[in-house]
Ligand SMILES: Cc1cc2nc3c(=O)[nH]c(=O)nc-3n(C[C@H](O)[C@H](O)[C@H](O)COP(=O)(O)OP(=O)(O)OC[C@H]3O[C@@H](n4cnc5c(N)ncnc54)[C@H](O)[C@@H]3O)c2cc1C
Ligand code: SF4
Ligand code: SF4
Ligand code: SF4
Ligand code: SF4
């Protein structure tokens, strides 16, 4: 049967029409591809607009089109739009093909003649291909209403609470002993300076006690299988050596434990905890964990002080790691960030010069519940600084480290300036490259700190040193910097330096991303589906990203994303079933020789080997149509629906204009 | 199928080939007598004397069956291919050279000048006066012509229309016998010919399908030559032992003779039914199952295949999707 094909060439305003002669392309298609079945070729200003779509729908009905080619933007953007239009007009949506003449032509060329010629080739390829397209039916599968949230920082807590409040089960998995994330370490939060614990703790408690939230702390996801609506997740619950059923969180074990350990995580190395501990007083859950590496009993075989004093016999030295298997329909990743390691900027002296502090150390120092009870003092634990230098952009906006802006460090530097001022009356200098105080009431906070008398030096700090050149520098840290506003080099002696270090992707973001089937940007942050229009979804259906895992951001934005993702999850849950793209691979049993080359390759574990028949088989519910096995099968026994050899070869022939009738 | 005027006519010709295909036909033993009993052999240079002009004189389409082996490497090959096409009802590309170019096709990687130079300057060829063959040569008796080499070797199908393809280097004798039986049956009206373009005398799966060796999920840490492995596990898939076996992409039909005998499949039965480009299929399959995490490790493992082209295109270069019959070395 000869197909009846409609070709629609979009102007995309001037996006395409500015570089491609769209009228010429349409006329050419009508004339040169007529023998292939093109019965109508039109150009239109905005194909994706309602009138544009109606044009297609009308032609399908009136001209009896059996195939449609839309030459417009990337399929990424509008494939769905045009497939839906076809469906509305009664044509199988998979008989529509998008020819990208925007991303692949007009945006990458400037010569109109060349761009027009290339557009013709791209359209010709799409026409040849669409002839080979087969009608496909979407596969509907039920959605498991449970959700997994990974990471219990503010973003993850927000997402978990919203979903749970809507009445659905959430598994909240947190790697550390307590939820709370970075926010739990802060004393005050910019720009309003409300107490971090005061606003965070109620949320943590709510998450910890919510009937719909299963909290799994001291736990990590170790395996993910399945697909949207039907993920199967294995979680490793690390041994706490505390029986959670019996423990009341009285804290006696911590009190009695003789072993003090420097707390590198929560206290950023400034304070101590015990070998059995809860990281902070408001921890949720409030039962402790035992740190096997440091516990005297585990090292020497004697002690058990905690066991002796525990009133409920909750200490269990024999506890083992436990693997928990759950089924969920959607996954929200809220794994947050790591702090940039300030040691890497060796000229700022962190780790070498005692009175150089990192931002997170300063947070603990200024925290009323911290190791100095909120007294801002030098490393000796008692001297109050008389002058403090705060250096912005440490590790950020710097080609040697991270190119990106960490978003929060300017505001964080201003917050520190305010706190130092308020608590010590010291002279404060902030060294900045550009002041970034966008967002609501942020610049007002900057004005406030200016008025408080903080001195601002615009320029990149070259060095922090203790090598005094002048008498006033003796015993001080000297900040050597360019002052670009004054146009000179300056040396400013201070007692204390705070490095406003940037945010970094989690050290294990790549592996975690891989496990959940999502990718990372070149900087290492999880990649969203669309940077503007779909910031919390990912290219993997049913996997969402929120908070700093997606990129540096402040608390309000993290919370907003948590809520946004929960709306997306609820939307999916309420639909009850999900239509899976029918783009799947299938194995032709006659052609499969059971060589088993494909068996270990499927990232979704969709391929099984049937030993009795000596053939391999693909589970269509698990297959995501990635094409890995299709490429690998040496016998050519596997075919990817929607990407058959016939389609691809036809498209290549079309691109090379081999489909034109000989003149 | 009815044939008027006596026994149907049979021809067999060798173009650029080694002669093994002819031997394979003779190797059908007593079956060859059936050929003689049922056919009138009109042209078969290896077995009987015949002149090209005799063939030229025949009526078009008067030969029922021609088995054409060898690729098209020179103008003589091309002339005979066109001539026999014209004279034959059924033209079979017989053996790997005619089907896909085979070993002679590997020479498509080199320009003709290099090929000739190499052929006349090997260790065993003393050529101090730099004497090379010429297309024409004057002798007292007149002008002599020898065939001119084409730029590349082409499989038969790239030169003339082909009815059937019979792969193998050479085709297995039992497969030849079965095909002869079939044609005889067709002549007697007892069977139908398969559709034009069919691959005959072979299976439609792969060598692995017929291979008795046990296989598992593969993960290859190292490729080795078979002689460098001691001992080779007699029951386990060779590929899993790191020996690059071409069985997974190669058409079945040989009863997996090589892997059965302890040697890797080198691919003489050509691409399996679903394989569009043999070499591309194999190299993606091999690379899919190597167990490496770093680019360096990938390089190290793949370096274990010292001649990738020879490994994955040993028989199929001229017939590959890339069509190495194009003047590849001239492409800028
Ligand atoms: C010094 C400093 C001061 C700041 N001050 C302010 C401020 O005043 N105001 C403001 O708006 N913003 C501030 N910010 C920014 C703020 O910290 C972030 O916006 C916010 O914490 C992001 O929350 P999150 O949930 O995305 O990430 P995180 O807080 O990093 O939480 C992530 C959680 O996930 C867990 N996790 C990670 N990986 C895994 C895994 N594989 N499995 C299970 N769990 C995992 C972590 O343990 C952690 O609990 C500041 C940042 C810094 C560095
Ligand atoms: S056994 Fe001793 S060292 Fe270990 S957690 Fe209990 S009290 Fe602390
Ligand atoms: S790779 Fe192909 S031939 Fe081998 S087992 Fe898988 S489907 Fe079968
Ligand atoms: S195309 Fe193949 S490898 Fe990819 S998901 Fe499907 S079965 Fe797995
Ligand atoms: S030895 Fe070769 S032919 Fe046999 S199963 Fe392994 S790859 Fe296939």
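Could you state, as a whole-number percent, how many of the C-alpha pairs of chain B are farther apart than 35 Å? So the pairs more than 35 Å apart make up 30 percent of the total in chain B. Each Cα pair under 8 Å and six or more residues apart adds its separation to the average, and for chain B the resulting relative contact order is 19 percent. Apply the a/c threshold of 1.5 to the C-alpha gyration tensor of the stretch A:339-503 and tell me whether it is rounded, prolate or oblate. It comes out rounded by the Cα gyration axes.
Name the shape class, rounded, prolate or oblate, that the alpha-carbon gyration tensor gives for the stretch B:73-165, where a ≥ b ≥ c are the square roots of its eigenvalues, rounded holds for a/c under 1.5, and otherwise prolate holds if a/b is larger than b/c and oblate otherwise. Judged from the Cα gyration tensor, the stretch B:73-165 comes out oblate (a/c at least 1.5, b/c at or above a/b).
If every alpha-carbon in the stretch B:120-216 counts as one equal scatterer, what log10 I(q)/I(0) does Debye give at q = 0.13, 0.15 1/Å? Reported log10 I(q)/I(0), two decimals: -0.80, -0.87.
Computed log10 I(q)/I(0) for the stretch B:111-150 at 0.25 Å⁻¹: -0.91, from the Debye equation with unit scatterers placed on every C-alpha and solvent omitted. Relative contact order, percent, of the stretch B:111-150 when contacts are C-alpha pairs under 8 Å separated by at least 6 residues? Relative contact order comes out at 30 percent. For the stretch A:1-42, the Cα-based Rg and Dmax, in that order, read 11.3, 38 Å.
Taking 7 Å steps out from each Cα toward its Cβ at residue A:302 and residue A:522 produces label points 6.1 nm apart.
For residue B:255 and residue B:233, what does the FRET efficiency come to when R0 = 22 Å and r is the distance between their Cβ atoms, rounded to the nearest 0.05? Once rounded, the FRET efficiency stands at 0.60. Here the contact order of chain A, divided by its residue count and restricted to Cα pairs under 8 Å and six or more residues apart, works out to 14 percent. Among A:201, A:248, sorting on how many other beta-carbon atoms sit within 10 Å of each Cβ, with the fewest leading, yields A:248, A:201.
With the simple model of a label 7 Å out from the Cα in the direction of the Cβ, residue B:148 to residue B:224 spans 5.2 nm. Label zone (residue A:508, point 7 Å along Cα-to-C-beta; backbone nitrogen cut-off 13 Å) within the stretch A:543-564: none.
Mind pulling the angle between the C-alpha long axis of helix A:50-63 and the longest principal axis of chain A? Nearest 10 degrees, somewhere in 0 to 90. Its long axis makes an angle of about 30 degrees. Principal-axis analysis of the Cα atoms of chain A puts helix A:112-132 at an angle of about 70° to the longest axis.
For residue A:589 and residue A:320, the difference between the fully extended length at 0.36 nm per residue and the C-alpha to C-alpha distance is 92.3 nm.
For B:85, A:352, the sequence from fewest to most other C-beta atoms within 10 Å is A:352, B:85.
Both radii were evaluated on the Cα set of the stretch B:207-312; the Rg over Rh quotient, with Rh as the Kirkwood radius, amounts to 0.94. Over the protein assembly as shown, dividing the summed -39,500 (n - 2.57) contributions of all DSSP H runs of at least 4 residues by the number of residues returns a 222 nm mean residue ellipticity of -8000 deg cm²/dmol.
With Rh defined as the Kirkwood radius, the inverse of the mean 1/r over Cα pairs, the Rg/Rh of the stretch B:1-138 is 1.05. Quick one: if the Förster radius is 22 Å, what FRET efficiency do residue A:63 and residue A:107 give, using the C-beta to C-beta distance and rounding to 0.05? The computed FRET efficiency comes out at 0.10. Between helix B:75-87 and chain B there is an angle of about 60 degrees, using the helix long axis and the longest principal axis of the Cα atoms. Prolate is the label for the protein assembly as shown, because the ratio a/c of its alpha-carbon gyration tensor axes (a ≥ b ≥ c) is 1.5 or higher and a/b is greater than b/c.
Estimated from the Cβ-Cβ distance and a Förster radius of 51 angstrom, the FRET efficiency linking residue A:472 and residue A:534 is about 0.35. Given their separation in residues at 0.36 nm each and the Cα-Cα distance between them, residue B:292 and residue B:115 gain 59.9 nm when the chain is fully extended.
A short reminder: the numbers here are calculations on the coordinates, not readings from a lab. In this text the structure is predicted, and so the values were computed from the model without any measurement. With ideal geometry, Cβ positions are generated from the backbone for all residues, glycine too; neighbour counts draw on all protein chains shown.
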